[in-house]
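The values are calculated or read from the model by the stated rules, or taken from the named source; none is laboratory data. The shown structure was predicted, so the numbers you read here are calculated from the model rather than taken from an experiment. No Cβ is skipped: glycine too gets one built from the backbone with ideal geometry, and neighbour counts run over all protein chains shown. Side chains included, ligands, DNA and RNA excluded: accessible areas come from the protein's heavy atoms. Shrake-Rupley method; radii C 1.70, N 1.55, O 1.52, S 1.80 Å.
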Amino acid sequence: MMIKYLLNNGYQPVIYKKGEVVYEPDAQPRAVYFIVSGEIRMVTVNDDGKEFIQGIFKSNQYFGEPALLVNKPYLAYTIATKDTEIIPVYKEAFFKLLETDRNFSTELIKTLSNRLFYKSMMLEELANEQAEHRIRTLIAYLLKNLEKGAVMDVTRQQLADMSGLRVETVIRLVKKLAAQKELKLLKGKIIKI
């Protein structure tokens, strides 16, 4: 709904090619980014160059608003995982949207609350030493809003990057959970049962 509104009100989309960075850590926030099509992954990178996925954003979602709202530098990289079309809504226009569109303001509060809940859940899981518990909780969270029979559109590598585990560990645990009938696999994809 917001994408249609933005396009109808003269906001111009920008194309980011696969692998292109939208913003980097320590950059000052200038906009909130609404995704028309494509996908963005938000990652932090440790000293060894290992990525930890903070979030994956897809069509009709947006990112970058926390830093803009509190006027603090970005903490992560945002990288296009495929060619992606984004509408940047710059600071002044974004705050005007919040003031004039109550439905959007309410939706933003819900979005931020869901993200805070996810971060809290993941922090608790990362403190848990049991890899199987981490993966079980993460998969349950990612599947919770999907319909029965829907495919979870997250790769094993992304699960590893989200959980702080090695991809080999994730593969082994996903197969184990499928064998225990806690989830279903179809051509390597996780299906909600």
Check: Got at least one residue in the stretch 143-150 being modelled with pLDDT under 85 and within 30 Å of Pro13 (Cα to Cα)?
Finding: yes
Margin query: Test of understanding: among Phe104, Phe57, Phe94, which residue is modelled with pLDDT of 95 or more and under 18 Å from Leu6 (Cβ atoms)?
Written below: Phe94
Next item on the list: Would you point out which residue out of Glu132, Glu125, Glu147, Glu182 is in contact (Cβ under 8 Å) with a residue 24 or more places away in the chain, surrounded by 15 or more Cβ atoms within 10 Å (Cβ to Cβ) and not β-branched (Val, Ile, Thr)?
Entry: Glu125
Notebook entry, point to check: Taking the stretch 33-53 as the search range and keeping residues that are assigned to a strand (DSSP E or B) and not β-branched (Val, Ile, Thr), which one is surrounded by the most Cβ atoms within 10 Å (Cβ to Cβ)?
Noted result: Phe34
Next item on the list: Scan the stretch 152-162 and give yes if some residue there is touching a helix residue (DSSP H, G or I) at 6+ places or on another chain (Cβ under 6 Å), open to solvent by 40 Å² or more (accessible area, probe 1.4 Å), part of a helix (DSSP H, G or I) and basic (Lys, Arg), otherwise no.
Entry: yes
Check: Counting just the residues of the stretch 106-122 that are within 25 Å of Asn9 (Cα to Cα) and loosely packed, with under 13 Cβ neighbours inside 10 Å, which one comes out farthest from the chain's Cα centre (by Cα)?
Finding: Thr106
Notebook entry, point to check: Just wondering, is there one or more residues in the stretch 7-24 that are closer than 19 Å to Glu107 by Cβ, in contact (Cβ under 8 Å) with a residue 60 or more places away in the chain and open to solvent by 70 Å² or more (accessible area, probe 1.4 Å)?
Noted result: yes
Check: Inside the stretch 135-144, can you point out the residues that are over 18 Å from Glu51 (Cα atoms), in contact (Cβ under 8 Å) with a residue 24 or more places away in the chain and touching a helix residue (DSSP H, G or I) at 6+ places or on another chain (Cβ under 8 Å)?
Finding: Arg136, Ile139
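For every residue, the table says whether it meets (1) touching a residue at least 60 places away in the same chain (Cβ under 8 Å); (2) surrounded by fewer than 18 Cβ atoms within 10 Å (Cβ to Cβ).
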residue: Gly55; (1), (2): yes, yes
residue: Phe63; (1), (2): no, no
residue: Leu69; (1), (2): no, yes
residue: Lys82; (1), (2): yes, yes
